[in-house]
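Working notes, beginning with the structure itself.
The values are calculated or read from the model by the stated rules, or taken from the named source; none is laboratory data. All of these numbers come straight from a predicted model, not from anything done at the bench. All Cβ positions, even for glycine, are placed from backbone atoms using ideal geometry, and neighbour counts span all protein chains on display. What goes into the accessible areas is simple: the full protein's heavy atoms, side chains included, and nothing from ligands, DNA or RNA. Shrake-Rupley method; radii C 1.70, N 1.55, O 1.52, S 1.80 Å.
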Amino acid sequence: MTNAQHRYFLQALLEYDNFTVLGTTRDRAGRPVVGIQGATLNGSAATLLVSVETGRIVSFETSVTSKDSSLPVPPGTVTSY
């Protein structure tokens, strides 16, 4: 995607109530990122990691958010990245 497409996509996501800006951190590669998380229907969440430097999506993670998940792992467990 182009920079403009990234910007439009992220702005559109944030118009929905079920997406939350988590704040800044560093991703697994050590880059400064902002997390944007959206809940899913199966007790998990999807998190986009957006570069602080470029504004582009650089990573995607899913994690378990409740004991109602279909996976037998505790809440907070990252299940893919």
Against the condition within 26 Å of GLN5 (Cβ to Cβ), surrounded by 12 or more Cβ atoms within 10 Å (Cβ to Cβ) and either out of contact with any strand residue (DSSP E or B) (no Cβ under 6 Å at 6 or more places or on another chain) or at pLDDT 80 or above (or both), how does VAL52 come out, does it pass? yes
Looking only at region 45-76, filter to residues that are more than 10 Å from the chain's Cα centre (by Cα) and polar (S, T, N, Q); which one of those is farthest from TYR8 (Cα to Cα)? SER70
Neighbours by Cβ (under 6 Å, 6+ apart or cross-chain): first from region 4-28, within 13 Å of VAL52 (Cβ to Cβ) and open to solvent by 80 Å² or more (accessible area, probe 1.4 Å); second modelled with pLDDT of 90 or more and not in a strand (DSSP E or B): none
Please indicate, with yes or no, whether at least one residue in region 60-73 is in a loop (DSSP other than H, G, I, E, B), open to solvent by 30 Å² or more (accessible area, probe 1.4 Å) and within 24 Å of ALA4 (Cα to Cα). no
